[in-house]
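The values are calculated or read from the model by the stated rules, or taken from the named source; none is laboratory data. Since this is a predicted model, take the numbers as computed values, not measurements. Cβ sites come from the backbone with ideal geometry, for glycine too, and all protein chains shown count toward neighbours.
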Amino acid sequence: MNLTVTSIHLISSLAMKLTCTSLLVLFVSLILSCANPNESSDKPFISKVSFAGISEQNVSFNAAKAQIIVKIPPVLKDGLRPVFELSEGAEIVDGLTEENTIDLTSLCGCTYNPAKITLRLDNKKALAIYEIIVIPEGPLKAQDTDEPIAFTRKGEWVELSLPVENLYTNPKVTMLSFRNVATGQEEHVSADAACLNRCSGTEHDRVIFTLTNPIQTVLKPGNTYKVSFNNIEFPQPLVVTE
C-alpha cells in the first residue's frame with residue numbers, strides 16, 4: 001500500500017488528537033476520583049475545615065477517609081474550636097462541647113484505652129461520622145505562668161486544678177506530692193496506684209484532681225506548698241486556706 005506524505009501527516013495528526021483526548025479524559029477521571037465521595041450521595045459531609053488559632057499547615061483533611069488530623073499547640077486557651085463548611089442541610093449532632101469546641105476529654109482523663117474522637121453529622125436523610133486525630137506538640141509539662149493553682153474545698157473533698165501544657169497526651173497520675181515551702185517536708189497522696197487525674201471539656205489546659213479525706217490531714221491551712229507529680233513541679237505555690 002502506497003501512502004502519500006499528506007496521508008501520513010493526516011494519520012499522525014489524528015493519532016495525536018486521540019492521544020490528547022485520552023489524556024484529558026484520564027486527567028478528569030483523576031480529579032473526580034479525588035473529590036469528596038459523599039458529594040454524590042445523600043450523606044452529609046464536611047467540605048472544608050479549619051481551626052481557630054491553628055495554621056492551615058497543621059491541619060490535614062482526608063475527605064475520602066472521613067478523617068481530620070490536627071497538630072495542636074501546647075496551650076488551647078479557648079479549646080479546639082473548629083470552623084466547618086458543611087453540605088446543605090447538615091449539622092453536627094455529636095462531638096462538640098457546649099462551647100462548640102471539640103470534646104477532647106478522652107485524651108486527658110487517664111483512660112487506658114482512649115476512645116476515638118468523632119464528629120457525627122445529620123441532614124435528616126443520613127448520618128456521617130468523621131474521626132479527629134489530635135497530635136500534641138510535646139509531652140505534658142507545667143505551664144510557666146503566674147496563673148494561680150485552683151484549690152477548692154467542697155464538703156468532705158477538695159478539688160485541685162493545675163495549669164499545664166500539652167494536656168491532651170492522656171496523662172496518668174498515680175501520686176501527688178506536696179512539699180512544704182517553709183519546712184521542706186513532703187507529703188504524698190495516692191490511691192493504691194489508681195489514677196487520680198481527670199479533665200473537663202470546658203476547663204482547657206488544666207489537669208484536675210478530686211481528693212477526699214484524709215487530704216485535710218496532709219494540707220494544713222496557713223501553709224504554702226509546691227505541688228508535683230510525674231517529675232513535674234509547678235512554679236506556682238499552693239496556699240491552703242480554710
Considering only segment 56-76, I want to know if a residue exists there that is small (Gly, Ala, Ser), at pLDDT below 95 and either closer than 23 Å to His204 by Cα or not assigned by TED's automatic domain parsing to the domain that holds Ile132 (or both). no
Out of all the residues in segment 122-155, which are surrounded by fewer than 15 Cβ atoms within 10 Å (Cβ to Cβ) and of a type in the set (S, T, N, Q)? Thr145, Thr152
(1) closer than 20 Å to Asp103 by Cα; (2) at pLDDT below 50; (3) among the basic types (Lys, Arg) all hold for Lys17 apart from (1)
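Residues are listed down the side, and each one gets a yes or a no for (1) in contact (Cβ under 8 Å) with a residue 40 or more places away in the chain; (2) within 12 Å of Thr169 (Cα to Cα); (3) of a type in the set (S, T, N, Q):
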site: Val93; (1), (2), (3): no, no, no
site: Leu104; (1), (2), (3): yes, yes, no
site: Pro139; (1), (2), (3): no, yes, no
site: Asp144; (1), (2), (3): yes, no, no
Is it true that some residue in segment 116-123 is under 23 Å from Leu196 (Cα atoms) and within 14 Å of the chain's Cα centre (by Cα)? yes
Report, ordered by the first and then the second residue, all pairs with beta carbons closer than 6 Å, sequence separation of six or more or different chains, a first member in segment 35-49 that is farther than 20 Å from Val83 by Cα, and a second member that is modelled with pLDDT under 95 and hydrophobic (A, V, I, L, M, F, W, C). Pro37/Ala64; Asp42/Ala126
Residue ID - nearest to Ile46 (Cα to Cα), chosen from residues in segment 113-133 that are among the hydrophobic types (A, V, I, L, M, F, W, C) and in a loop (DSSP other than H, G, I, E, B): Ala126
Could you check segment 201-242 and list, in sequence order, the residues that are at pLDDT 85 or above and among the aliphatic types (A, V, I, L, M)? Val207, Ile208, Val227, Ile232, Leu238
